[in-house]
1. Which loop trypsin sites (Lys or Arg not before Pro) in region 26-115, with loop taken from DSSP, have no more than 14 other Cβ atoms within 10 angstrom of their Cβ?
2. Of the trypsin sites (Lys or Arg not before Pro) in region 284-331, which ones lie in a loop per DSSP and count no more than 15 other C-beta atoms within 10 Å?
3. Go ahead and run the numbers for FRET between Arg80 and Leu296, Cβ-Cβ distance against an R0 of 35 Å, rounding to 0.05.
4. How high is the relative contact order of region 118-179, in percent, with contacts defined as C-alpha pairs under 8 Å that are six or more residues apart?
5. If a paramagnetic tag sat 7 Å from the Cα of Asn195 along the Cα-Cβ line, which residues of region 133-152 would have the backbone N under 18 Å from that point?
6. Quick check: residue separation of Val340 and Lys149 times 0.36 nm, minus the Cα distance between them. What number comes out in nm?
7. Need one word for region 1-154: rounded, prolate or oblate. Basis is the Cα gyration tensor (sqrt eigenvalues a ≥ b ≥ c); a/c below 1.5 gives rounded, then a/b vs b/c decides.
8. How large is ³J(HN,Hα) for each residue in region 56-65, as worked out from phi by the Karplus curve 6.51 cos²θ - 1.76 cosθ + 1.60 (θ = phi - 60°), to whole Hz, x for Gly and Pro?
Amino acid sequence: MNQFQNQNTQPIVKMKIFNNWDIIAKGWYIACPSKEIPKGQAKSLNLCGQQIVIFRGEDGNIRALDAYCPHLGTDLGIGRVDGNFIRCFFHHWAFDGEGNCQDIPCQSTIPDKAKLQSYATDEKYDFIWVYPDKEAPNKVVEFDELKDKPLVTIHDKAFERSCHHHICMMNGIDAQHLQTVHKLNIKMDLSLQQNESGTIVDFTLSGEFPQTTTRERIGQKILGEHYEYTMRYADGCIGLLTIMKKVRIVPPLHMIYAYTPLETGRTRIQPIYVAKERKGIFGWVITRMLLLLTKLAYYFLRGEDGMIYDNIRYNPQAIINIDMPLVKYMQYVNQLEASVWSKNKFLLAKEDLFNEPQSTQRKV
């Protein structure tokens, strides 16, 4: 929606990171499914507005670099993987996973500036993830109850919303809309826990099933009187939702929402459904049934929420008590760290690239 409308009556306050399109916070962002990059293959793609080349070396490990060769700017994605290096198609310069040039066919000395920004990578939930720094403090976030357990994951087709991903992410902790949008009249109590680094925050909402509507009475009879779910947010770009906690019949169901801001002012959302792998044929059936239930629960809410987040110009002017989880979330996002992918964060040094002193050459 147009952010410049109604500035006299509803001026928008630009926050440090929250809902700020100019800032990309440090965190894990999905690049592509793992199966798209077999051994010895490379792919260039746009991630959070940056052109990144991803390649899988001979050792099977994924590496990620800025895509454009520092020599004359050719996209390395059209080059080839050579062992654990990637070679530029244009002049065959070879770069390792740290972004250092290791070979120039026409000479033995290598300019110090023949290097690229490298990025940490992780493979989890059948996807390749990229962190906008050469090292990441942690791997891609996990569910506590599924940590170190064999998992089965399935994922839906990614879709887009017409708002910032920070806005989309707050949906899971907006208790008021459960009643107004989804007709679930559940009074929820909130508890909040944040990790030491401040990058992960857990919201737990719990309450008793009311019995004022047919839907509520059916839910109470099947699931029991108590209902609880948790939403874990990591780096302001991944949401881990666990539903059906402490209810009868069904074990907890787990789904992930991975968010990627797009240059078009839209957000790509990748839903992922996760379950613990169970042994034997019966276990296989149970696991797939739980994944199907997780997917159905997601689709039950998706359409109604989409009407909201495709038609919103988020600018809170009248916060009330029930909105405190949203306030806590905004505070959490604003203390995250901006990455090198953020706009206007760094000034380029003005140097004469064509008159580099001989002392800046290194020999290999």
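Please treat every number below as a calculation from the coordinates, not as lab data. Since this is a predicted model, take the numbers as computed values, not measurements. A quick note on method: Cβ atoms are made from the backbone with ideal geometry, for glycine too, and the neighbour counts reach across all protein chains shown.
1. Lys39, Lys113
2. Loop-located and lightly packed - Arg313.
3. The formula returns an efficiency of 0.20 here.
4. So the answer I get is 21 percent.
5. Within reach of a label on Asn195: 133-149.
6. Length gained, Val340 through Lys149: 65.4 nm.
7. Taking the square roots of the gyration eigenvalues as a ≥ b ≥ c, region 1-154 is oblate.
8. 10, x, 4, 7, x, 8, 8, 10, 9, 9
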